[in-house]
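Engineer: Take a look at this one; I'll ask things after.
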Amino acid sequence: MRHAGKLTTVSLAMNTTAPTLAALHREKGKDFAIGLTMGWLVYLNDILNLNKPMTEDQIDLCATEVIDQYGSLKMSDLTFLFRKIIAGQYGEFYESLTIQKVLTFFRQYFDERCATAELESIRCHADFASNDEFNYSKNLREFGMGRVGGVDLVECDM
């Protein structure tokens with residue numbers, strides 16, 4: 001979590017060069033990917049100091065579900081997501097952590113990530129379609145208003 005401060009938006013987290021969970025699964029094996037995810041879940045379990053933390057079996061099952069359902073997330077996404085969970089941005093824990101709660105956090109983050117990716121894609125398309133000085137997305141960034149719908153705009157690779 002030492003370098004997590006550099007990830008301040010979903011856009012930054014998803015646009016890093018970090019490997020995805022699926023890439024780790026493919027290149028290092030399923031046990032490695034699950035073990036890495038379990039490490040994050042154990043850290044979450046410990047750092048939250050809960051009365052009813054997840055058991056080792058629950059952590060193992062939860063890590064497997066995360067790998068199976070959210071393989072497209074990058075390690076930077078996990079770093080950012082767990083930082084948000086620890087900060088309480090996904091609500092109260094009520095002294096317990098369950099598989100359902102963790103998977104709900106992942107689902108909410110994944111939905112937010114998809115919405116951000118869609119906005120960036122639309123903006124990149126608009127930039128490509130309009131290469132003149134009246135380019136709306138470019139002008140927003142030039143005037144320091146690089147946020148649309150609560151999402152920071154990033155540069156497109158064209």
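Engineer: Yes or no: the stretch 47-58 includes at least one residue that is of a type in the set (Asp, Glu), touching a residue at least 12 places away in the same chain (Cβ under 8 Å) and assigned to a helix (DSSP H, G or I).
Structural biologist: No: zero hits.
Engineer: Hey, among the residues in the stretch 95-122 that are of a type in the set (A, V, I, L, M) and assigned to a helix (DSSP H, G or I), which one's farthest from residue 56 (Cα to Cα)?
Structural biologist: It comes out as 122.
Engineer: Just one of 79, 37, 64, 16 is assigned to a helix (DSSP H, G or I), touching a residue at least 60 places away in the same chain (Cβ under 8 Å) and among the β-branched types (Val, Ile, Thr); which is it?
Structural biologist: Going through 79, 37, 64, 16 in turn, just one is assigned to a helix (DSSP H, G or I), touching a residue at least 60 places away in the same chain (Cβ under 8 Å) and among the β-branched types (Val, Ile, Thr): 79.
Engineer: Answer with yes or no whether residue 68 is under 14 Å from residue 24 (Cα atoms) and over 10 Å from the mean Cα position of the chain (by Cα).
Structural biologist: In short, yes.
Engineer: Pairs please, first residue from the stretch 107-129 and under 16 Å from residue 20 (Cα atoms) and at pLDDT 85 or above, second anywhere and part of a helix (DSSP H, G or I) and not hydrophobic (A, V, I, L, M, F, W, C), Cβ atoms under 7 Å, 6+ apart in sequence or on different chains.
Structural biologist: 113/77
Engineer: Please specify each residue of the stretch 37-47 satisfying the condition of being surrounded by fewer than 16 Cβ atoms within 10 Å (Cβ to Cβ) and under 16 Å from residue 84 (Cβ atoms).
Structural biologist: Result: 43, 47.
Conditions tested, residue by residue: (1) loosely packed, with under 12 Cβ neighbours inside 10 Å; (2) farther than 25 Å from residue 114 by Cβ.
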| site | (1), (2) |
| --- | --- |
| 9 | no, no |
| 12 | no, no |
| 27 | yes, no |
| 35 | no, yes |
| 53 | no, yes |
| 69 | no, no |
| 78 | no, no |
| 89 | no, no |
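Engineer: Please determine, by comparing only the residues of the stretch 14-25 that are hydroxyl-bearing (Ser, Thr, Tyr) and touching a strand residue (DSSP E or B) at 6+ places or on another chain (Cβ under 8 Å), which one is surrounded by the most Cβ atoms within 10 Å (Cβ to Cβ).
Structural biologist: 20
The values are calculated or read from the model by the stated rules, or taken from the named source; none is laboratory data. This one's a predicted model, so the numbers in the text were calculated from it and none came from an experiment. Neighbour counts are summed over all protein chains in view; Cβ atoms, including those assigned to glycine, are modelled from backbone coordinates with ideal geometry.
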